[in-house]
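Notes to accompany the following structure.
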């Protein structure tokens, strides 16, 4: 089965169809070294020109961000997590969105425990130097190897500092 896929590389946005099995997109990109786009269009980030090719093979390490649209895989495989609002620089892009970690994990723990691509939700993608507003995406996969800087914007504590007592709640 082929699905439309949009991926952001350092100098262009690649759009095309990719063969995806019944599993999750994140499993596919974490298990393969090469993604083949069919009917691909490359949009230059520098000047906006487009190049179209019938078939394009891209090494996954060249991809910075992959948009996730629709195909989310088996709900039974999802883990309970808490969102953590972060800003990060991924290659030339700036992202603001939610990373997800286990409730008992330390802030930014998902960056050390996931495979090469880590999911991020409620994301705004900005390309510095462009006047236009950032692109808003529900879910993206971020290549951990391309992350330059991270900053926690709001933090959810991994545990309560002190137990609540009847006196403290009034």
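Of note:
- When the convex hull of its Cα atoms is viewed from all sides, region 76-152 shows a mean projected area of 5.2 nm².
- Sorted ascending by nearby beta carbons within 10 Å, beginning with the fewest, 42, 34, 108 become 34, 108, 42.
- Among 2, 24, sorting on how many other beta-carbon atoms sit within 10 Å of each Cβ, with the fewest leading, yields 2, 24.
- Each of residue 81 and residue 102 was given a label point 7 Å from its Cα along the Cα-to-Cβ line. The distance between the two points is 1.4 nm.
- Taking the fewest neighbouring Cβ atoms within 10 Å as the starting point, the ordered list for 153, 88 is 153, 88.
Since every read-out is calculated from the coordinates, none of them should be taken as a lab result. Remember, predicted model here, so these are calculated numbers, not experimental data. FYI the Cβ positions are ideal-geometry reconstructions off the backbone, even for glycines, and counts take in every protein chain you see.
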